[in-house]
Ligand SMILES: *Cc1c(COP(=O)(O)O)cnc(C)c1O
């Protein structure tokens, strides 16, 4: 009875579902038999080499999360009280927390309405004598404007940190995400493309930070140098923490990383199918789909669209939930959160951030989505159509990609 109840309350299509994609179990067994469960063994090395190759060759250290990698980045940039770090408010809490933990101040700047990434033209105006770094968050995997942010950082002597949590395998002008910043942080949380449950990596492109990064990750000790025979004993040399994952996590991650291109291809095909299915709804002005981000090639991390109001978005989420489909929104903008008000500052208007966070909804996207995509699309079309008849009196949708037809009657082939 209990089981039946559970079956009925189970979503038909969850927002995310982690999958085995290859050799995970085999490698975990192997890691156990190798007899080293602590970090920095064979599988850690394998992961670090693969990530480095995927990200343009920067030295790579895997961590237990992207949060940990961002915290390492904040230590490596020597952030402290009085320092300011420019970042979007439209991001996950860890981007700001890493800075606040050092006693420094996150400064929130608005996002670009096309890419939903930090708006470089607004970043320029937010720079003060206290600014030390810029964090570029590659929203939905797109490293939008990263060249301009790198240029601004260079001109002003600031560090550039890429929060590339969502961006493994994406590109800007043919260069991979993670190759632009002094530092880049990646996530392998189970909601990302390549996963290990919890997991992350720090890519270090600034060679002056490499030695210290290794020390910070190993509790502030020079243990790694000791194991390489470079020092004859190891000791406490700097601040640090335990930022490294064990070998079982690394074994799982190694199996995922070796099929990263296949994971990305599959997600990109889901992304394309969603774009095709919902483009008629964009044509009639009901939703705004992800737009072509200049110079970027995405990695299929996320599919979202923007609706015309928060009320319509809420109705959509509830009606999809009633059909057993998970379509969550995010982010509650950090400038409006209690800790954001306490620890951070805002520069200029955050109008785009507010509007996007009120109206954005995400659709299920995972490796084994398979033919369930048809269930999602059919349900979403039904919900969108049933809410279309009610006439719209609010403001126009944000930046429609194509001209909105003047008449509500649109030609919808195949739907
Ligand atoms: C997922 C995510 C993080 C945090 O990643 P964890 O590995 O869960 O710590 C940080 N920033 C962004 C933009 C994310 O999407």
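The values are calculated or read from the model by the stated rules, or taken from the named source; none is laboratory data. These numbers were taken from a predicted model, which means no experiment stands behind them. Cβ coordinates were reconstructed from backbone atoms using ideal geometry, including for glycine residues, and neighbour counts include every protein chain displayed.
The set of residues in the range 357-415 that are at pLDDT 95 or above and in a loop (DSSP other than H, G, I, E, B) comprises 363, 364, 365, 366, 367, 368, 369, 370, 371. Kindly check whether there is at least one residue in the range 14-23 that is modelled with pLDDT of 95 or more, under 30 Å from residue 367 (Cβ atoms) and more than 22 Å from the chain's Cα centre (by Cα). Yes - at least one qualifying residue is present in the range 14-23.
The set of residues in the range 131-166 being under 11 Å from residue 296 (Cα atoms) and in contact with a helix residue (DSSP H, G or I) (Cβ under 6 Å, 6 or more places away or on another chain) consists of 145 alone.
When the residues of the range 184-198 are filtered to those that are near the ligand (Cβ under 7 Å from one of its atoms) and assigned to a loop (DSSP other than H, G, I, E, B), the one that is surrounded by the most Cβ atoms within 10 Å (Cβ to Cβ) is 188.
Mind listing whichever residues of the range 97-111 are outside any helix (DSSP H, G or I) and either within 23 Å of residue 356 (Cβ to Cβ) or under 20 Å from the mean Cα position of the chain (by Cα) (or both)? Within the range 97-111, 106, 107, 108, 109, 110, 111 qualify. Looking only at the range 16-37, decide whether some residue is within 16 Å of the ligand (Cβ to nearest atom), in a helix (DSSP H, G or I) and either closer than 23 Å to residue 186 by Cβ or touching a residue at least 24 places away in the same chain (Cβ under 8 Å) (or both). No: the range 16-37 contains no residue that is within 16 Å of the ligand (Cβ to nearest atom), in a helix (DSSP H, G or I) and either closer than 23 Å to residue 186 by Cβ or touching a residue at least 24 places away in the same chain (Cβ under 8 Å) (or both). Screening 129, 94, 115 for residues that are within 14 Å of the ligand (Cβ to nearest atom), assigned to a loop (DSSP other than H, G, I, E, B), at pLDDT 95 or above and on the phi < 0 side of the Ramachandran plot leaves exactly one candidate, 115.
For the range 55-70, enumerate the residues that are surrounded by fewer than 23 Cβ atoms within 10 Å (Cβ to Cβ), away from the ligand (no atom under 15 Å from the Cβ) and more than 17 Å from residue 208 (Cα to Cα). Selection gives 56 alone. For the range 220-241, the criterion of being in contact with a helix residue (DSSP H, G or I) (Cβ under 8 Å, 6 or more places away or on another chain) and crowded, with 21+ Cβ neighbours inside 10 Å is met by none of the residues.
Per-residue answers, yes or no, for (1) surrounded by 21 or more Cβ atoms within 10 Å (Cβ to Cβ); (2) within 16 Å of the ligand (Cβ to nearest atom):
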residue: 100; (1), (2): no, yes
residue: 122; (1), (2): no, no
residue: 134; (1), (2): yes, yes
residue: 139; (1), (2): yes, yes
residue: 142; (1), (2): yes, yes
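Only one entry in 45, 71 is free of Cβ contacts under 8 Å to residues at least 12 places away in the same chain and assigned by TED's automatic domain parsing to the domain that holds residue 216, namely 45. Here residue 193 passes the criteria (1) farther than 24 Å from residue 365 by Cα; (2) touching a helix residue (DSSP H, G or I) at 6+ places or on another chain (Cβ under 6 Å); (3) modelled with pLDDT of 95 or more except the one numbered (1). Considering only residues that are within 16 Å of the ligand (Cβ to nearest atom) and part of a strand (DSSP E or B), look in the range 71-91 and name the one that is farthest from residue 307 (Cα to Cα). Step by step, filter the range 71-91, then rank; the result is 85.
Across the range 155-162, a minimum of one residue is classified as at pLDDT 95 or above and within 30 Å of residue 367 (Cα to Cα).
Number of residues in the range 132-155 that are part of a helix (DSSP H, G or I) and farther than 20 Å from residue 348 by Cα: the value is 9.
Looking at the structure I just gave you, is residue 165 assigned to a loop (DSSP other than H, G, I, E, B) and within 10 Å of the ligand (Cβ to nearest atom)? Yes.
Here the range 259-276 is the region considered, the condition is being surrounded by fewer than 20 Cβ atoms within 10 Å (Cβ to Cβ) and touching a helix residue (DSSP H, G or I) at 6+ places or on another chain (Cβ under 7 Å), and the residue that is farthest from residue 113 (Cα to Cα) is 260.
Kindly indicate whether residue 290 is over 30 Å from residue 39 (Cβ atoms), in a loop (DSSP other than H, G, I, E, B) and at pLDDT 95 or above.
It is true that residue 290 is over 30 Å from residue 39 (Cβ atoms), in a loop (DSSP other than H, G, I, E, B) and at pLDDT 95 or above.
Of everything listed in (1) under 23 Å from residue 48 (Cβ atoms); (2) within 16 Å of the ligand (Cβ to nearest atom), the single unmet condition for residue 206 is (2). Within the range 316-346, the set of residues being closer than 26 Å to residue 377 by Cα and part of a strand (DSSP E or B) comprises 325 only.
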